[in-house]
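What follows is a set of notes on a single structure, which appears directly below.
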Amino acid sequence: MSTPTPAASTPEVASPVTATATNVEATGPSSNISSTDRAVLDYLRLRGFTTAEKLVRDSLESQGSPAEPTPGPSTTSTISAEDFTKRNAIYNQDVQRSGGNALKESSTVLRELGSMGNPPNIQNLIASIGSVGAEEVLSLDPTDKQEGFRELEAWVDGSLDMYRPEFRPILFPIFCHFYLDLIQHGFKEAALKFFHEFSPSLQPQHSATLHHLSTLLLPSHVQNDEISQRFRNEKYQIRMSKSGFGLLVGWLTEGVGGEAPGAGEGFSGEKGKRGRASVMRVVNNHLKFDVAASNTTTVSPNAWEESTGLLSSLIPQSNGTMITDPRSFNASKGELKLGPMPIAEDLQTETERILREQAMVDRDPNSQYDVQWARSLIPTGVISPSMTDLLPHPPSFQTADVKREVEKVREARKRIRLEPSVLTNVNDETPQGVVTRARALPSICAYTLHDVGEGAPCSTFSQDISLMAAGFSESYIRLWSLKGEKLTGFRSDFQSSSIKDATTLRKQKEKSGTTTRKLIGHSGPVYSVDFDPASGSAAPPRYLISASADATARLWSLDTMTNVVAYRGHQNPVWDVRWSPMGIYFATGSRDKTARLWSTDRTSALRIYAGHLSDVDCVRFHPNSLYLATGSSDWTARLWDVQRGSCVRVFIGHQGIVSTLAFSPDGRYLASAGEDLAINLWDLGSGKRIKKMTGHTASIYSLAFSAETSLLVSGGADWTVRCWDVKSAGGMPSKALEPDVTNRTNGVNGIVEGDDMNPSNFNLKEPGENIQTLDLVATFPTKRTPIVNVQFTPRNLCMVAGAYLAPEQR
Amino acid sequence: MSKPGPKPRASATQLTGVYKPESIRDVAESLNIFSLSDQVAGALASDVEYRIHQVIEEAARFMRHARRTTMTTSDIDQALRVLNIEPLYGHFPHNPPTFHKAAPWPQPYGPGAVFFVQDEEIDFDRVIREDKITLPKGVRWTAHWLAVEGVQPLIPENPPAIPREHDMDGVVVNGKPGEPSKLSSIFPPTPPSSDRPSPIQAAKKQQQSQQLVKQVLSRELQLYYTRLTTALIPPSDDVKCIAALASLRHDAGLQALLPYLVRWVAEGVVNALKSGSQDDADGKVLSVLLDVIKAILDNTALFVEPYLHQLLPPILSTLLHSSLPPQHATRLRTTASQTLSHLLTQHSTTYPSLSPRIMKTLLLALVSTDKGGGTREGAVRGLMGIGKEAIRKGVVEGGGAKVVGSECGPGDQSSLVEAVMESFSVICPKSFNPTPLDIGDESDATTMEQLRDVLGDFFAERLANDSQQAIGVLAGQQV
């Protein structure tokens, strides 16, 4: 690796040296000094370094020319003799001065320099060394990066306000590459110094990646680590305006163009040039600029999140063409069928008939309008899927289906309408304000679990709110009847031959029972549970599906209260499981980076959705069951065509793991929450981010839309439930409010500052990070309950669940 | 290649991570490898740290999916399992260890902060005796309303309300907890505790002080307090009132309420007197409040002494106020003096200076020139409450009777006069067969002279009817 470089460098170096040598032949002081040494001495004298000259002369005379120290092992064989001696001369000098420790280091350093593949640089270095000690010269390599980054940062910070938002994203990739370079070349200490000096300014946005990088300390780590390899092999994409890019290029080449005020002499000096050269190297090799014609002023502060990063691998590459922009990818996938799910015509007519009959019987003046509700209007602007687009279902409908549809219509009529948009400009103090609040905000019923041992990772309510299920870290699931009814299964000792009809079957039910039931079968923590939606809100669900760390999903029959099927296929813990909107099918997401589609009657997966670069943390079905959304630890969410198995949308913008998702009931939006404590709202049609909602102070565990898509409710580890106005524009409050608002969020947790138990303290990055956007309409703190599940009933009552966290866990 | 001596850039090594080369060396020595070079140790330390981080990053996923914010040993076990490493058996997530920081290292080049797991010391005897082991109940749920139509109900399941933004302003600017002195509230600030928001977030204004009381007192006591005060005032239902007073007189466990009750009484008295109206209701209120004070004093379970200085003003105000509602005036003053007497008999032993001080106040009220009849009467009654000696000192020797007498016309039968006469009879009760002083008799004449001298003409005339009493009154003076 190192051999070719010094060899190639010989001619350039040799020429000036020989020239000086011939000129000063006559002054040669002692006979046994070689011509090169003399050349060096002359050179030193010419430059006026008399002491250095004297030192060199002394050393040469005392040692004699052959008394060379052991040269660096690998360089000896291939370097030309002249070059070799010249270098040794410098080393000698060094040895004299600083106690002999420089040699080893300097040789390795030089080797590293060589391996970096920039011969002219070294030549320049060596040529410009003068009499400066070798150690100092060679240690310039790490400082080079330090210097380069400092200047870049100064330049970015000193740039005009309008350019700064688009320049700031450059810092992060260059920082990463510099750090990785330093580690890879073994300058561990320099790398750590570099990290400590410059990481704080990047910490707010990139804390996760930075922490990961800080764990890499040896060259082998860099080679094996996934993220560092992605940095190495993929181009980091940055979006920039044309004029901004022009300025950057200007700075890189000339050192001019919007420099920082008072940047100092480092700028024009040698150091500055070398620093810029190293920045340029990273820019050339690892960055990709997406130069947009758009005006800089139109770029919002958070826009960089969507267009910056190692995007190429995050975007699925289908037919050979490289698409590196999420926008063009999303556009290339064409339109989606986001309309509501069609209902079979015969089922529809049957539903209407029943509704009409019931309207006659009930004599409820309102129920006569039910029939009108039954035919839901197809919203404009979305394409509705046809029956053939749906996943295959049994051709004929059953009584349960009719009941479900009838109930759906009635629930829709009885629904409480939530209109948070009326809240704008409403004063909470006035009585009218209170009334509007009541209209705009939901009632929330909190179910708190007590005395939970190791934790309850998941919980869910059935649609008819008759059952609650929770999965526990102790590998079991517990069911509760919320109506206080007894949960009974079947006796285990009956003869199947004795069952003739429904009544004889009912006789086999257990006689005694309690309102709670433990379902045992998993062998690892249960991470997700979901009730079968087939019976809707008309009847209790008949099945429960669960996912666990034991890499299985299990189907539980709620008639028998037993485990019916274990679905094996994932190789790793299954993080999430969800039923499709009509039951029968369900999807799982796993640590093995795939999501899978299953049908209850097959034990193997029907589809595998592969493409995420990391764990699939959550899966959700689109309300019309045509699409599946997945959220992943690679910080992206994707939308898949359920039947084709292809990715149709990719949502890039989170700066952390995507922890949970929710589709809006009208099928147009997807809300995603990430470990960056933000909730992003995406437009499915275009794949663009509509807005970013911030305010949570700890991880967000669950999201739910109200039935009219007007309100989003989120619950998380900061023990709060928050309500967001979906339709409002959001955005940051004015600056003056900042400290106040952050303080209030702390107050919400009901915690004294400095309390270690406060979950918000862990994630509090900086005050600016926790600013509540204006679309946060209400915050409801609980005492100490992290909210693991939020859910809306069909009538828009909000149900939340969580396990109470005892203050002292001892 | 190893070189003797430490590396030149010693300062830079501090930047390395948490796992130190020294630890590697310790491990190596435990494996009988003594010649481990610095470089090897350093590289190994770096690598070990990287691997630890790998495991931790993996475990963090399990922690996140378990919806926890604390990593437990089970997360690490799961992580090791998926990384295809044998888990570390024998660690359980129950009772997560708490780490304690060791005392700082005495040497300058110490290894930095040292943490250790502190074992709990369990006293077997105690455990066996206390017999506290109970079976955990198992998981159960409770449901409550977190919000009703967008408003969070103030029920115990929900955390106390947060103050509105504009109330927070001052606190935020200070950056410090709001000083208790700033609070206009009557309630002491609550000490901060981990499971309850600190008072910083609470009260700044009166409305918040209402909320603060909710934090200080238990819910039951709050309820009791409101019930009690509403039963007593306005005094409408006698039965309720009597029941409330009885409860106050006999119930234990009200100590926490005492400051609030005292405050409430004081405020009630001030309000009733300040209004100046002479109507019936005020009089009733005052009498009820005096009853409350009496009840508080009667309750043996209460430790009243710290609050005596707060209890006295209401009593003395009632006693000495110039214009009490006329129908109740006498009764109120009598009751107040009785209460005062009661208070003094109970507490004068612990507060020897108490009665002199009160006497001084009463004397001032009695003798000073610009006081009304009501105040004077109250003072006399108050002195009666204190005792014989006080009356003698005040009314007889102090010239109280003289002052009162000079203000009364002949034949005056006002309550003030009556009060003074009563006070005389306290010193020396009326004789059963009063024999008037005989002017002619010489000894009686001197007595009369003395009476006129000491008590003034008015009262001398009055006392002249009963020679025995007159002699008694004077006798006390002469002693």
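The values are calculated or read from the model by the stated rules, or taken from the named source; none is laboratory data. Just so it is clear, the structure is predicted and the values come from calculations on it, not from any experiment. All Cβ positions, glycine included, derive from the backbone under ideal geometry; neighbour counts span all protein chains shown. Calculation scope for accessible area: heavy atoms of the full protein, side chains included, ligands and nucleic acids excluded. Shrake-Rupley method; radii C 1.70, N 1.55, O 1.52, S 1.80 Å.
In the set (1) open to solvent by 40 Å² or more (accessible area, probe 1.4 Å); (2) closer than 30 Å to A:Val402 by Cα, the condition left unmet by A:Ser604 is number (2).
Just checking, does the range A:437-454 include any residue being within 30 Å of B:His144 (Cα to Cα), touching a helix residue (DSSP H, G or I) at 6+ places or on another chain (Cβ under 8 Å) and modelled with pLDDT under 75? Scanning the range A:437-454, I find at least one residue that is within 30 Å of B:His144 (Cα to Cα), touching a helix residue (DSSP H, G or I) at 6+ places or on another chain (Cβ under 8 Å) and modelled with pLDDT under 75, so the answer is yes.
Could you please let me know if B:Ala60 is away from every other protein chain (no Cβ under 11 Å), touching a residue at least 12 places away in the same chain (Cβ under 8 Å) and hydrophobic (A, V, I, L, M, F, W, C)? No: the conditions fail for B:Ala60.
With respect to A:Asp617, is the statement that it is within 14 Å of chain B (Cβ to nearest Cβ), charged (D, E, K, R) and farther than 27 Å from A:Arg542 by Cβ true? Yes: the conditions hold for A:Asp617.
Here is a yes/no grid of residues against (1) within 19 Å of A:Thr308 (Cβ to Cβ); (2) hydroxyl-bearing (Ser, Thr, Tyr); (3) within 14 Å of chain B (Cβ to nearest Cβ):
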position	(1), (2), (3)
A:Leu192	no, no, yes
A:Ser201	yes, yes, no
A:Ala208	yes, no, yes
A:His212	yes, no, yes
A:Asp225	no, no, yes
A:Phe231	yes, no, no
A:Lys235	yes, no, no
A:Met240	yes, no, no
A:Gly244	yes, no, no
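Determine if the range A:202-211 includes at least one residue that is over 21 Å from the mean Cα position of the chain (by Cα) and touching a residue at least 12 places away in the same chain (Cβ under 8 Å). Among the residues of the range A:202-211, not one is over 21 Å from the mean Cα position of the chain (by Cα) and touching a residue at least 12 places away in the same chain (Cβ under 8 Å), which makes the answer no. Within the range A:313-324, the only residue that satisfies the criterion of being modelled with pLDDT of 75 or more and among the polar types (S, T, N, Q) is A:Ser313. The set of residues in the range B:288-304 being more than 20 Å from B:Val269 (Cα to Cα) and surrounded by fewer than 19 Cβ atoms within 10 Å (Cβ to Cβ) consists of B:Thr300, B:Ala301, B:Phe303. Evaluated against (1) at the interface with chain A (Cβ under 7 Å from one of its Cβ atoms); (2) assigned to a helix (DSSP H, G or I); (3) crowded, with 19+ Cβ neighbours inside 10 Å, B:Ala45 falls short on exactly one condition, (1). Test A:His622 against the stated conditions and say whether it is over 23 Å from B:Arg61 (Cα atoms) and surrounded by 24 or more Cβ atoms within 10 Å (Cβ to Cβ). Here the answer is yes, as A:His622 does meet what is asked.
Taking the listed residues A:Leu247, A:Leu213, the one that is farther than 20 Å from B:Gly42 by Cα and assigned to a helix (DSSP H, G or I) is A:Leu247, with no other qualifying.
Restrict the check to the range A:455-467 and report whether at least one residue is more than 23 Å from A:Trp579 (Cβ to Cβ) and part of a loop (DSSP other than H, G, I, E, B). Within the range A:455-467, one or more residues are more than 23 Å from A:Trp579 (Cβ to Cβ) and part of a loop (DSSP other than H, G, I, E, B). Among the residues of the range B:89-100, the one identified as more than 10 Å from chain A (Cβ to nearest Cβ) and under 22 Å from A:Tyr527 (Cβ atoms) is B:His91.
Of the set (1) outside any loop (DSSP other than H, G, I, E, B); (2) closer than 25 Å to B:Ile427 by Cα, all apply to B:Leu311 but (2).
Of all residues in the range A:784-798, those that are assigned to a strand (DSSP E or B) and either at positive phi or open to solvent by 20 Å² or more (accessible area, probe 1.4 Å) (or both) total 2.
Just to verify a result, which residue in the range A:549-560, among those that are open to solvent by less than 20 Å² (accessible area, probe 1.4 Å) and within 21 Å of A:Ile584 (Cβ to Cβ), is farthest from the other protein chains (Cβ to nearest Cβ)? That would be A:Ser557. Residues in the range B:135-144 that are surrounded by fewer than 17 Cβ atoms within 10 Å (Cβ to Cβ) and either touching a residue at least 40 places away in the same chain (Cβ under 8 Å) or not charged (D, E, K, R) (or both): B:Leu135, B:Pro136, B:Gly138, B:Thr142, B:Ala143, B:His144.
Please list, ordered by first then second residue, the pairs with beta carbon atoms under 7 Å, 6 or more apart or interchain, first in the range B:387-398 and open to solvent by 30 Å² or more (accessible area, probe 1.4 Å), second of a type in the set (Val, Ile, Thr). Between residues of the range B:387-398 that are open to solvent by 30 Å² or more (accessible area, probe 1.4 Å) and residues that are of a type in the set (Val, Ile, Thr), the close pairs are B:Lys388/B:Val426; B:Lys388/B:Ile427; B:Arg392/B:Ile427; B:Gly398/B:Val367.
Quick one: how many residues across the range A:561-583 are away from chain B (no Cβ under 14 Å) and not in a strand (DSSP E or B)? Total meeting the criteria: 6.
Here is a yes/no grid of residues against (1) modelled with pLDDT under 90; (2) away from chain B (no Cβ under 12 Å); (3) closer than 27 Å to A:Pro204 by Cβ:
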residue	(1), (2), (3)
A:Glu708	yes, yes, no
A:Asn749	yes, no, yes
A:Gly754	yes, no, yes
A:Met757	yes, no, yes
A:Phe762	yes, no, yes
A:Arg784	yes, no, no
A:Cys798	no, no, no
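Among the residues of the range A:685-699, not one is within 11 Å of chain B (Cβ to nearest Cβ) and not in a loop (DSSP other than H, G, I, E, B).
Determine if the range A:476-488 includes at least one residue that is within 14 Å of chain B (Cβ to nearest Cβ), under 24 Å from A:Tyr701 (Cα atoms), under 32 Å from the mean Cα position of the chain (by Cα) and open to solvent by less than 20 Å² (accessible area, probe 1.4 Å). Among the residues of the range A:476-488, at least one is within 14 Å of chain B (Cβ to nearest Cβ), under 24 Å from A:Tyr701 (Cα atoms), under 32 Å from the mean Cα position of the chain (by Cα) and open to solvent by less than 20 Å² (accessible area, probe 1.4 Å), which makes the answer yes.
Have a look at A:Leu247, A:Leu213 and point out the one that is closer than 20 Å to B:Tyr50 by Cβ and either open to solvent by 40 Å² or more (accessible area, probe 1.4 Å) or at pLDDT 80 or above (or both). A:Leu213 is the lone residue from the list that is closer than 20 Å to B:Tyr50 by Cβ and either open to solvent by 40 Å² or more (accessible area, probe 1.4 Å) or at pLDDT 80 or above (or both).
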